[in-house]
Amino acid sequence: MKVTLETVLERIIAVNHAWKLSREEFGQDFVATKSLRDTKSSLQATLVRDFPEDVYLKVATDSESHGETMFSVRLRKPITINDVVRVDAEHLPARIAKQIFSEHEIQKYLGN
């Protein structure tokens with residue numbers, strides 16, 4: 001069965017919410033919190049690699065509030081997920097993007 005963009009996006013959103021709850025409850029160094037963060041990043045990489053015609057990376061304009069450079073995983077067209085119109089698939093820290101993408105991939109997916 002082929003995975004759809006919507007399915008991956010739904011998973012990213014769900015895991016992102018779980019990661020934030022775990023981080024608030026148990027802290028960012030808790031093993032489950034780290035695992036959720038890594039799962040979200042892996043799903044974002046899948047989204048970008050498998051759907052390059054629908055998704056691209058953009059340097060986030062609110063990186064300062066995060067304390068580090070962040071990429072926004074942007075959708076080329078808004079998609080409604082759970083009755084909410086989405087234009088992105090959450091933020092991805094640049095330091096993590098550099099671990100899961102080659103430099104060539106980052107340049108390829110930035111702003112396309």
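The values are calculated or read from the model by the stated rules, or taken from the named source; none is laboratory data. Just so we're clear, the structure is a prediction, and the values are computed from it rather than from any experiment. Using ideal geometry, Cβ is built from the backbone for each residue, glycine included, and neighbour counts are taken over all protein chains shown. To get the accessible areas, we keep the full protein, side chains included, count just its heavy atoms, and leave off ligands, DNA and RNA. Shrake-Rupley method; radii C 1.70, N 1.55, O 1.52, S 1.80 Å.
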Under a point-charge model restricted to the Cβ atoms of Lys and Arg (+1) and Asp and Glu (-1), what is the dipole moment magnitude of the chain relative to its Cα centre, in debye to the nearest 20?
220 debye
Towards the positive end of the charge dipole of the chain, with charges on Cβ (+1 Lys, Arg; -1 Asp, Glu), say which of 1, 87, 56 has the farthest Cα.
1
Among [x] 37, 31, 27; [y] 50, 41, 20; [z] 45, 28, 26, the entry matching Cα extents along the principal axes in Å as calculated here is [x]
Could you grab the relative contact order for the chain? Cα pairs under 8 Å, six or more apart, rounded to a whole percent.
24 percent
Return the sequence-ordered ³J(HN,Hα) values of the range 10-17 in whole Hz as given by the Karplus equation 6.51 cos²θ - 1.76 cosθ + 1.60 applied to θ = phi - 60°, using x for Gly and Pro.
4, 5, 4, 4, 4, 5, 4, 5
Which cross-chain or sequence-distant (5 or more) residues have an amide H under 5 Å from the amide H of residue 60, H modelled 1.01 Å from N in plane?
70, 71, 72
Spelling it out for residue 110: with amide H atoms placed in the peptide plane at 1.01 Å from N, the residues 5 or more places away or on another chain with amide H under 5 Å from its amide H are 57
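Want the number for residue 76 to residue 25: 0.36 nm per residue separation, take away the alpha-carbon distance, what's left?
Details: separation 51, 0.36 × 51 = 18.36 nm, distance 3.41 nm.
Difference between extended and current length: 14.9 nm.
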Give the lysines whose C-alpha is closer than 17 Å to that of residue 108, dropping any in the same chain fewer than 8 places away, or say none.
58, 98
Once all protein chains are kept in place, residue 74 shows an accessible area at probe 1.4 Å, nearest 10 Å², of 60 Å²
